[in-house]
Amino acid sequence: MSSAGETPKTIADVDKLTAWLDSQGLGLGSALEHRYISGGSQNEIYELRRGDLHCAMRIPPPTAPASRDEGIVREWRIIEALTGTDVAHTEAIAVCTDPSVLGRTFYLMGFVDGWSPMQTRHQWPAPFDTDLEARRGLAFQLVEGIALLSKVDWQARGLSDLGRPDGFHERQVDRWTAFLERIKGRELPGFDEASAWLRAHRPIDYIPGVMHGDYQFANVMFKDGAPARLAAIVDWEMGTVGDPKLDLAWVVHTWPEDTSGGEGSVGGYVDMTHMPSRTEVLEHYAITSGRQVDDIDYYCVLAKWKLAIVLEQGFQRAGGDEKLAGFGPFVLDLMQGAAALAETTDYSVLATSDAP
């Protein structure tokens, strides 16, 4: 949202957007109402109302690089492909790639009626603040979202060219090491050790599928009230066809086994107290997805290592941004955690890489 004193963000040309909506047969004959919801350097989101149309528009800001337009189309393709599946997602309504309308590619998705854990931060809303069994359901619904996503037939849904599933694991270390070299401003202790371990090992099996790429409580919405029900997975900026179990590792690499209370139960921006244990979450994913999770430690090493590199980019460009500067110590913890986990992981349950 806009800070106090800032000019509220608005749509570039409401008349052109209205004309485009007419061409799509959306909300004909009614005035367009719009409201800025959120946004940053990647995308902005607006709520639109017009007649029987109630949706959200996702569009890059004017200053975003041209590649974001391609990213918008990528996101659109994913949510459109999920139509008719049992994966919680926003309805795909329409996409516009004509820059003469608003200057950038954008798409319309169904407006989600629900709440985000990012809105509540450290405090679950009623009834999940007091109903502990209902609170457990939030965790099971979170992991069930990606379990169902992993079962989507990505080839039948027209996503064969979305990513490069062949050689996914073989590429990870080289790709992200090169990325780190481009933005590197300091040494990251544990990087060499974790990198070497990842080069030398592979998961037990690899079954390609659609993956979100940044799956966590921050990127889902829940329906109001109990029992817990996932309303939609959102923010598909990093979506691709790859290894869905990396999404699972993104969720559980910091998930505590003991959630009865105390310091270990506070998981970043959400309160993990009385959530299911890490073991319970893994079991639920395995049952729902039909995939084994015996090699989850491999994925957690990869998740910690990769997330450290991704967040290091933010830290290096922080300037006076306190939020980005705060990534600094977290990055170091993640990378050292990746190296420590690699050192203690039982090699016997993992495949060994053929790479030299």
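The values are calculated or read from the model by the stated rules, or taken from the named source; none is laboratory data. Here the structure is a predicted model, which is why all the values come from computation and not from measurement. Don't worry about glycine lacking a Cβ; one is built from the backbone with ideal geometry, like all the others, and counts go over all protein chains shown. Surface areas here come from the heavy atoms of the whole protein model, side chains and all, with no ligands, DNA or RNA. Shrake-Rupley method; radii C 1.70, N 1.55, O 1.52, S 1.80 Å.
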Given the residues Arg157, Arg136, which is the only one that is open to solvent by 30 Å² or more (accessible area, probe 1.4 Å) and in a loop (DSSP other than H, G, I, E, B)?
Arg157
If the requirement is being without any contact (Cβ under 8 Å) to a residue 60 or more places away in the chain and closer than 13 Å to Asp235 by Cβ, which of these qualifies: Arg58, Arg68?
Arg58
When you scan the stretch 116-138, do you find a residue that is hydrophobic (A, V, I, L, M, F, W, C), touching a His at 6+ places or on another chain (Cβ under 9 Å), closer than 23 Å to Ile78 by Cβ and in contact (Cβ under 8 Å) with a residue 40 or more places away in the chain, even just one?
no
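Working only within the stretch 229-239, note down all residues that are surrounded by fewer than 21 Cβ atoms within 10 Å (Cβ to Cβ) and either among the aliphatic types (A, V, I, L, M) or within 14 Å of the chain's Cα centre (by Cα) (or both).
Those that are surrounded by fewer than 21 Cβ atoms within 10 Å (Cβ to Cβ) and either among the aliphatic types (A, V, I, L, M) or within 14 Å of the chain's Cα centre (by Cα) (or both): Ala231, Asp235, Glu237, Met238.
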Of all residues being of a type in the set (Phe, Trp, Tyr) and either loosely packed, with under 15 Cβ neighbours inside 10 Å or closer than 25 Å to Asp346 by Cβ (or both) in the stretch 164-222, which is farthest from the chain's Cα centre (by Cα)? Just the residue, please.
Trp197
Regarding the stretch 84-97, can at least one residue be identified that is at pLDDT below 95 and either touching a Phe, Trp or Tyr at 6+ places or on another chain (Cβ under 8 Å) or open to solvent by 50 Å² or more (accessible area, probe 1.4 Å) (or both)?
no
Considering only the stretch 260-271, I want to know if a residue exists there that is under 19 Å from Ala134 (Cβ atoms) and open to solvent by less than 10 Å² (accessible area, probe 1.4 Å).
yes
If Glu80 meets every condition in (1) assigned to a helix (DSSP H, G or I); (2) crowded, with 22+ Cβ neighbours inside 10 Å; (3) touching a strand residue (DSSP E or B) at 6+ places or on another chain (Cβ under 8 Å) apart from one, which number is that one?
(2)
So if I check each of Gly145, Gly158, Gly163, which one is modelled with pLDDT under 95 and of a type outside the set (A, V, I, L, M)?
Gly163
When the stretch 8-23 is checked residue by residue, the ones that are open to solvent by 80 Å² or more (accessible area, probe 1.4 Å), of a type outside the set (Gly, Ala, Ser) and either part of a loop (DSSP other than H, G, I, E, B) or touching a strand residue (DSSP E or B) at 6+ places or on another chain (Cβ under 9 Å) (or both) are Pro8, Lys9, Thr10
Out of all the residues in the stretch 24-48, which are farther than 26 Å from Gly71 by Cβ and in contact with a strand residue (DSSP E or B) (Cβ under 6 Å, 6 or more places away or on another chain)?
Gly27, Ser30, Glu33
Quick check on the stretch 298-315: of everything there that is out of contact with any Leu (no Cβ under 6 Å at 6 or more places or on another chain) and not hydrophobic (A, V, I, L, M, F, W, C), which residue is surrounded by the fewest Cβ atoms within 10 Å (Cβ to Cβ)?
Gln313
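Scan the stretch 142-151 and give yes if some residue there is within 27 Å of Ile45 (Cβ to Cβ), surrounded by fewer than 20 Cβ atoms within 10 Å (Cβ to Cβ), hydrophobic (A, V, I, L, M, F, W, C) and touching a Pro at 6+ places or on another chain (Cβ under 8 Å), otherwise no.
Within the stretch 142-151, not a single residue is within 27 Å of Ile45 (Cβ to Cβ), surrounded by fewer than 20 Cβ atoms within 10 Å (Cβ to Cβ), hydrophobic (A, V, I, L, M, F, W, C) and touching a Pro at 6+ places or on another chain (Cβ under 8 Å).
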